[in-house]
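Student: Once you've had a glance at the structure underneath, I'll fire off some questions.
Laboratory data are not the source of any read-out in this text; all were calculated from the coordinates shown. Small disclaimer: the values here were computed from a predicted structure and weren't measured. Because the Cβ atoms are built from the backbone with ideal geometry, glycine has one as well, and the counts that use them run over all protein chains shown.
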Amino acid sequence: MGTNDRDYDIVLLGASGFVGKFTARHLAQSAPEGARIAIAGRSTARLKDVKRDLRADWPIFEVDTADDAAVARLAASTSVVATTVGPYLRYGMGVASACARAGTSYADLSGESIFVARSIERNHDDAEMSGARIVHSCGFDSVPSDLGLGLAHQAAGGVPIVAATVRVRSLRGGVSGGTIDSLRQQMKEAKTDASARSLIGNPYALTPGPSVRLPRLSGTGWGRARGTWQVPFVMGAYNQQIVQRSNYLTGWSYGQLMQYREVMATGRGLAGFARAGAINVGTAALVAGLAFPPTRALLDRVLPAPGTGPSADAIDHGSFVLDIDVYPVEGLPVRTRIAAPFDPGYGGTGVMLAESALSLAFDDLPDRAGVLTPMVAMGRSLAERLRAHRFTLDVTALN
């Protein structure tokens, strides 16, 4: 079990939120017998509803993330804190820092470049000293990309990589108010802080960067490849930052010259062309609209609010399939296919966060501490856990 001198193995912070409920449900179903789990959040009444719905005999803690003393006590009481409370720029730093100081492992769902970069700056040294594993991005952002490339790299013999491409083959599911609010907060921060703005599009925002100048990767824009239209994947820029941090933390084992991209397939023919164009224009319009106060105010009226999400039907019929193709300097290319019959942002992300927390609490993991990535912190242990819960993670050589 977890650390014996702590009261709990895992505390789930934000358990009554939209994705928090999915995470709590999976913990209730999959935690080992005897696991000491507690749930925390701002509303005792809502936490009691979660506990009643799950029929779980879990302690409850009412905690405001702005109360540093309360957050510090919470971090010191458990081996692992898993948090769904975002936007992390607003609500996450105090929790991550308290865990880093207390030697408590931490997992979140952040897809926010600015937050993670600041967390590395503030928390990495403290976490290394205390032995804490601070692991950001333990949901759909960025477990498939990070694990997929890492597993393919291992299967290719661990040699440097020339190029890696993530292709989102299919993606069914809705967008949450929390995801939109994270994007909104990041754009607001970038608008007023030039240094923060420079982080968002920088592949090496979470590392010191390689010591060599990379050539420009062709085919990163939208167009047709292998007869199928494709566009840059909306979270590709952030996922690349996590992947490059894994690269850096392992001594640039993927190679300092690795060229990385993520694309989303939209289909063949005129229909595929139309979908590609619509996605490209829509994504650009959303990002631009959230960057300026007048248009942001208009978008706020129609976009999902924080704490809300898609319909139950959309979630029930969600799924995703991704191929991560890795081209090593020698030997055959390798592909990792990652797929699951879950909505990526809710059911799937709830499973990924819950299994990350369970892995941090109970698995025999590599002897690493600091602000890590899912691959560096948990790697094969997390992959095996996900395979046990209807995830496909198949690694094959390509001829």
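Student: Evaluate segment 1-160: find the radius of gyration of its Cα atoms, find its Kirkwood radius, and give the ratio Rg to Rh.
Tutor: With Rg and the Kirkwood Rh in hand, the quotient comes to 0.99.
Student: So what's Rg/Rh here for segment 75-188, counting alpha carbon atoms and using the Kirkwood radius for Rh?
Tutor: 1.02
Student: For segment 11-71, count the residues as N, evaluate 2.2 N^0.38 Å, and divide the Cα radius of gyration by that value, please.
Tutor: Working it through for segment 11-71, the quotient is 1.06.
Student: Between segment 332-396 and segment 95-118, how far is it from one alpha carbon centroid to the other, in angstrom?
Tutor: 18
Student: Next question. Counting only other residues whose beta carbon sits under 15 Å from that of Ala31, what net charge do I get with K and R as +1, D and E as -1?
Tutor: Local charge sum for Ala31: 0.
Student: Could you derive backbone 3J(HN,Hα) for segment 266-271 from the dihedral phi with the Karplus parameters 6.51, -1.76 and 1.60 (θ = phi - 60°), listing whole Hz in sequence and x where the residue is Gly or Pro?
Tutor: 10, x, 9, x, 5, 5
Student: A further question follows. Tally Lys and Arg at +1 and Asp and Glu at -1 over the other residues with C-beta under 10 Å from the C-beta of Ile324: what net charge comes out?
Tutor: -1
Student: Another question, then. Please work out the Cα convex hull volume for segment 93-135 and give it in Å³ per residue. Could the numbers behind the result be given before it?
Tutor: Numbers: hull volume 2.2 nm³, N = 43.
Roughly 52 Å³ of hull volume per residue.
Student: Just to check I understand the Karplus step: with θ = phi - 60° and J = 6.51 cos²θ - 1.76 cosθ + 1.60, what whole-Hz values come out for segment 184-197, glycine and proline as x?
Tutor: Karplus-based 3J(HN,Hα) across segment 184-197 equals 4, 5, 5, 5, 5, 5, 5, 5, 9, 9, 5, 5, 5, 4 Hz.
Student: Please state, to two decimals, what the Cα-based radius of gyration of segment 42-121 comes to when divided by 2.2 N^0.38 Å (N = residues).
Tutor: Rg over 2.2 N^0.38 Å, computed on Cα atoms: 1.14.
Student: Also: Convert each backbone phi in segment 339-350 into a coupling constant with the Karplus relation 6.51 cos²θ - 1.76 cosθ + 1.60 (shift: θ = phi - 60°), then list the ³J(HN,Hα) values in order as whole Hz, x for Gly and Pro.
Tutor: Rounded to whole hertz, the list is 8, 7, x, 10, 4, x, x, 10, x, x, 5, x.
Student: Counting Lys +1, Arg +1, Asp -1, Glu -1, what net charge surrounds Thr84 among other residues with beta carbon under 10 Å of its beta carbon?
Tutor: Around Thr84, the charge tally is 0.
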